[in-house]
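A.B. asks: One structure coming up, written as structure tokens, with questions to follow.
The values are calculated or read from the model by the stated rules, or taken from the named source; none is laboratory data. All figures in this text were calculated on a predicted structure; none of them were measured in a lab. Cβ placement follows ideal geometry from the backbone for every residue including glycine, while neighbour counts extend to all protein chains displayed. Please note that ligands, DNA and RNA were not included when accessible areas were found on the heavy atoms of the full protein model with its side chains. Shrake-Rupley method; radii C 1.70, N 1.55, O 1.52, S 1.80 Å.
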Amino acid sequence: MIPYGRQSVDSDDIVAVAEVLGGDYLTTGPKVAEFEKAFSEKMACKYAVAVSNGTAALHLSSLALLSAGDKVLTTPISFVATSNSILYANAKPIFVDVADDANIDLNLCEDALKKDPSIKAIFAVHFTGKCVDLSGLKYLKEKYNIKIVEDAAHALGATDVASVGDASTFSFHPVKHITTGEGGMIATNDDVIYKKLLTLRGHGLTRDGGAFENAEAFDENGAPNPWYYEMHDLGFNYRLTDFQCALGISQLAKLDKFINRRKEIAARYDEAFAYFEHIKPLYRFEFDSAYHLYVARVDFTKAGISRAELFKRLNAKKIYPQVHYIPINTQPYYKKLGYNPQETPNALEYYEECISLPMFYSLGGDEQEFVINTLKEAIAWK
Ligand SMILES: Cc1ncc(COP(=O)(O)O)c(C=O)c1O
């Protein structure tokens, strides 16, 4: 079977996890800080906070940056977690249409910011691993004094990722570049946001004597009692375990190798479809993309085959592509909130044509050729 994405876990990874399982700390131990340090060094950011998944990373970023009622620009072409996280903070997502690469259109963002100065933030998704124009994002951040969250779940390893966001979030789900089973990370350069994220990750508790408010926190000499903690915020248990962090450290060391292979696969797909009428890459080979996904656009009407039929033909050969994504504003939950998908026509048009082809480190050359040929045959067939 050839899925659209899958993990690559080797014997080094397994040894790293097994060592932790046989040790003293399964959770809240030293591997967490070790993974965070390795990650922040790799991303050239000041702080990294490990959390239980990418959705938790978005949730905590929203709570750290937004207030109830804040208006936030975001994209309909993402996993539902992106805009859901804005709702978790009782803020209001505003869906902005996408550009040709299916990333949020920054010109439309600027139009919206000009019209409505009360907009507080942009939650930008680096869709497929190709970053939203980071200099454009920085310009909007500075000119309109807004907060930026980079949802970088697709973009670990992309050039300059996490360089603009007040917080940038990552996912280590098995289909992503590196995995910890479930897992996520938040990168930030801001001391205040960092402290807030740490507190929110752990139930809103603090063990910092300097922050204690209650008198019983201290012994007769004024020293903080060793068992004592205080809750100052409504937080969560969004911790990542030590054995997951051990897997993350081991996987992170292989990130460059993983990304290079993904780029090779993307370049081969581009080449294979260059002269094939009905399949176009979402964008031509882009060195700076981390290629979490390889999205092809198929004009199904012209090709004379429906997407459902194409999926059936591929599935019959044990190839399992995907669709990324059904526009979030078409989801019944969002429609009930009053969102109208017709307001983002490019997203709707993109959705009609997109198909994500197999893209993962261990995809063999022969397997990729099989995917290409099967796809071409299925589309050429009428
Ligand atoms: C763009 C995007 N944001 C957020 C998430 C949520 O990450 P997780 O599945 O780790 O919660 C995903 C994962 O699928 C994603 O693709």
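A.B. asks: Out of everything in the stretch 178-198 that is open to solvent by less than 10 Å² (accessible area, probe 1.4 Å) and more than 28 Å from H232 (Cα to Cα), what residue ends up being farthest from the ligand (Cβ to nearest atom)?
C.D. replies: The selected residue is I178.
A.B. asks: Okay, next question. Quick check on the stretch 95-119: of everything there that is under 30 Å from G235 (Cα atoms) and surrounded by 19 or more Cβ atoms within 10 Å (Cβ to Cβ), which residue is nearest to the ligand (Cβ to nearest atom)?
C.D. replies: F95
A.B. asks: Checking S67 against (1) more than 15 Å from the ligand (Cβ to nearest atom); (2) open to solvent by less than 30 Å² (accessible area, probe 1.4 Å), only one condition comes out false. Which one?
C.D. replies: The failed condition is (2).
A.B. asks: Within the bounds of the stretch 218-241, is there any residue that is in a helix (DSSP H, G or I) and either out of contact with any strand residue (DSSP E or B) (no Cβ under 8 Å at 6 or more places or on another chain) or touching a residue at least 24 places away in the same chain (Cβ under 8 Å) (or both)?
C.D. replies: So far as the stretch 218-241 goes, no, none of its residues is in a helix (DSSP H, G or I) and either out of contact with any strand residue (DSSP E or B) (no Cβ under 8 Å at 6 or more places or on another chain) or touching a residue at least 24 places away in the same chain (Cβ under 8 Å) (or both).
A.B. asks: If I ask for residues that are within 20 Å of I2 (Cα to Cα) and among the basic types (K, R), which ones from the stretch 315-341 would you list?
C.D. replies: Correct list: K317, K318.
A.B. asks: Looking at (1) in contact (Cβ under 8 Å) with a residue 40 or more places away in the chain; (2) more than 10 Å from the ligand (Cβ to nearest atom); (3) open to solvent by 10 Å² or more (accessible area, probe 1.4 Å), find the lone condition where L156 falls short.
C.D. replies: So L156 meets the others, but not (3).
A.B. asks: Quickly run through the stretch 165-177 and pick out the residues that are open to solvent by 10 Å² or more (accessible area, probe 1.4 Å), more than 10 Å from the ligand (Cβ to nearest atom) and among the hydrophobic types (A, V, I, L, M, F, W, C).
C.D. replies: Correct list: empty.
For every residue, the table says whether it meets (1) in contact (Cβ under 8 Å) with a residue 40 or more places away in the chain; (2) touching a strand residue (DSSP E or B) at 6+ places or on another chain (Cβ under 6 Å).
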site: I94; (1), (2): no, yes
site: L106; (1), (2): no, no
site: L140; (1), (2): no, no
site: M185; (1), (2): yes, yes
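A.B. asks: In the list K46, K37, K31, which residue meets the criterion of being farther than 17 Å from R239 by Cα, open to solvent by 20 Å² or more (accessible area, probe 1.4 Å) and more than 15 Å from the chain's Cα centre (by Cα)?
C.D. replies: K46
A.B. asks: Residues that are among the basic types (K, R): which helices (runs of 4 or more DSSP H) entirely in the stretch 321-382 hold 1 or more of them?
C.D. replies: 332-336, 365-380
A.B. asks: I would also like to ask the following. State which residue is surrounded by the fewest Cβ atoms within 10 Å (Cβ to Cβ) when the search covers only the stretch 120-146 and only residues that are more than 11 Å from the ligand (Cβ to nearest atom) and closer than 15 Å to H59 by Cα.
C.D. replies: A121
A.B. asks: Tally up the residues in the stretch 1-33 that are under 25 Å from L198 (Cβ atoms) and assigned to a helix (DSSP H, G or I), please.
C.D. replies: 7
A.B. asks: Still on this structure, I have one more. Of everything in the stretch 206-228, what is closer than 21 Å to V51 by Cα and surrounded by 15 or more Cβ atoms within 10 Å (Cβ to Cβ)? Give them in sequence order.
C.D. replies: Selection gives T206 alone.
A.B. asks: Test A290 against the criterion of being open to solvent by less than 30 Å² (accessible area, probe 1.4 Å) and within 16 Å of the ligand (Cβ to nearest atom), and give yes or no.
C.D. replies: Spelling it out, A290 is indeed open to solvent by less than 30 Å² (accessible area, probe 1.4 Å) and within 16 Å of the ligand (Cβ to nearest atom).
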